[in-house]
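The values are calculated or read from the model by the stated rules, or taken from the named source; none is laboratory data. Since the structure is predicted, the reported quantities are computational estimates derived from the model, not experimental observations. Note that we place each Cβ from the backbone using ideal geometry, even for glycine, and neighbour counts take in every protein chain shown.
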Ligand code: XMP
C-alpha cells in the first residue's frame, strides 16, 4: 500500500503542475470504479476546479442516478452535475433494433449531451475549461495502440474520443499506467466505498443492449426491474464477489404462461452470470438450483410483462458476455 500512497502523492503533484493554479477540468463519471477513482483523485488535486458530469441516459440500473449523487457528491465531496437526458436517448433509439446502431446512437448522444453540459459550466473567474479527465487504464492504452481486432470490429465499444476535437480540450489520464486491481486499491486508499470499488462492470450503452430489439421505456423498465431482483438476490446470498458480471436481458419473444387460472402471453427474461479474469473468455456461473428457483419465481411474480425466466449456459467463446 505504501507504493500506492506514493503514487497518489506523485500523481496529485503532477496534476497540480499540469493544470496550473487556475485552469478548470471536466470529466464524465459513470458510477463505476474507474471514473470515480479518477474523479476523486482530481478532487484531491484541485478541489472544486474539477467538475464531474453524470449523464443519466435512461439506460442505467435502478436508482443509479440517486446512488451516484449520494456517493460522489454527498460522500466524496466531488463537484457534480447530474443531467437527466433519458428522454433524449430514448427518443433517438425509437425504432432502432440493430445492436451496432444502438451503440452508435447512445455513444453519439452521450458526446452531444456531455458537450452541451460541459459548455454550460463556466469557471468563476471567466476562464474556460481547459482539460478533460479520462479514466483510461493501462489495458485500454494497450488495446487502442495494438488492437484492431475483435472488440473494435465485433462490437464498437463506445469511447469519448470525439470530445477532444470538438471541445479543444487537453487530456488528463491519471490512471493510464494502472491495471484494474491497482485502481481498486487506489480507490480504497482514497476512501471510496467497498461496494463501489468491487462493482461489476457495466457497459456504456447499458440496458440499451440488454433489451434485445427495440428499446422503449416500457421494455427498459422490465429489464431494469428483473436485473434489480437478480442482483439483489446475488448480494443477499453472498455471491456478488464470486461473480465477475451478472445481469438480466429482456428477449422480445412472447411465451405462454399461466397465473392462477389465467393464461398469460408475455416476454422472456434471460439471466446471465459469468466468471472471468479478463472478459476475453468467460465461464457461466454455476448457481445452486434453489437460488435460480427463487430468482425465477420473484421475477415472474414481481415484474409485469414477464412470463418466463431462463438462465444462459453459454461460455465465451462462442457467445459474448452481452446478448447484443
Ligand atoms: P462482450 O459482450 O464483448 O463483453 O463479451 C465483454 C465486456 O465488455 C462489456 N461491453 C461493453 N462495454 N460498451 C462498453 O462500455 C459496449 O458497447 C460494450 N459491449 C460489451 C461487457 O459488459 C463485458 O463486461
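Scanning segment 46-60 for residues that are within 17 Å of residue 74 (Cβ to Cβ) and in a helix (DSSP H, G or I) turns up 47, 48.
Here is a check on your reading of the model: is residue 55 closer than 25 Å to residue 206 by Cα, buried (at least 23 other Cβ atoms within 10 Å of the Cβ) and within 15 Å of the chain's Cα centre (by Cα)? Give the steps one after another, and end with the answer.
Values: closer than 25 Å to residue 206 by Cα: yes; buried (at least 23 other Cβ atoms within 10 Å of the Cβ): yes; within 15 Å of the chain's Cα centre (by Cα): yes.
When the stated conditions are applied, residue 55 passes them.
Considering only segment 20-40, state which residues are over 14 Å from residue 173 (Cα atoms) and part of a helix (DSSP H, G or I). Within segment 20-40, just 33 meets the criteria.
Checking 77, 47, 38, 31 one by one, the residue that is at positive phi and surrounded by 17 or more Cβ atoms within 10 Å (Cβ to Cβ) is 31 and no other.
With respect to residue 292, is the statement that it is crowded, with 19+ Cβ neighbours inside 10 Å, over 26 Å from residue 29 (Cβ atoms), touching a strand residue (DSSP E or B) at 6+ places or on another chain (Cβ under 9 Å) and without any contact (Cβ under 8 Å) to a residue 60 or more places away in the chain true?
Working: crowded, with 19+ Cβ neighbours inside 10 Å: no; over 26 Å from residue 29 (Cβ atoms): yes; touching a strand residue (DSSP E or B) at 6+ places or on another chain (Cβ under 9 Å): yes; without any contact (Cβ under 8 Å) to a residue 60 or more places away in the chain: yes.
Considered against the rule, which asks whether it is crowded, with 19+ Cβ neighbours inside 10 Å, over 26 Å from residue 29 (Cβ atoms), touching a strand residue (DSSP E or B) at 6+ places or on another chain (Cβ under 9 Å) and without any contact (Cβ under 8 Å) to a residue 60 or more places away in the chain, residue 292 comes out as no.
Close contacts from segment 92-106, counting a first residue that is more than 11 Å from residue 205 (Cα to Cα) and a second that is not in a helix (DSSP H, G or I), with Cβ to Cβ under 6 Å and a gap of 6+ residues or different chains, come to 93/215; 97/213; 97/214. Residues in segment 15-29 that are more than 15 Å from residue 132 (Cα to Cα) and at pLDDT 95 or above: 17 alone.
With a requirement of 3 or more residues that are buried (at least 19 other Cβ atoms within 10 Å of the Cβ), over 17 Å from the mean Cα position of the chain (by Cα) and more than 16 Å from the ligand (Cβ to nearest atom), the helices (runs of 4 or more DSSP H) lying completely within segment 161-273 that satisfy it span 217-236.
With respect to the conditions (1) within 19 Å of the chain's Cα centre (by Cα); (2) not in a loop (DSSP other than H, G, I, E, B), residue 43 lacks only one, and its number is (1).
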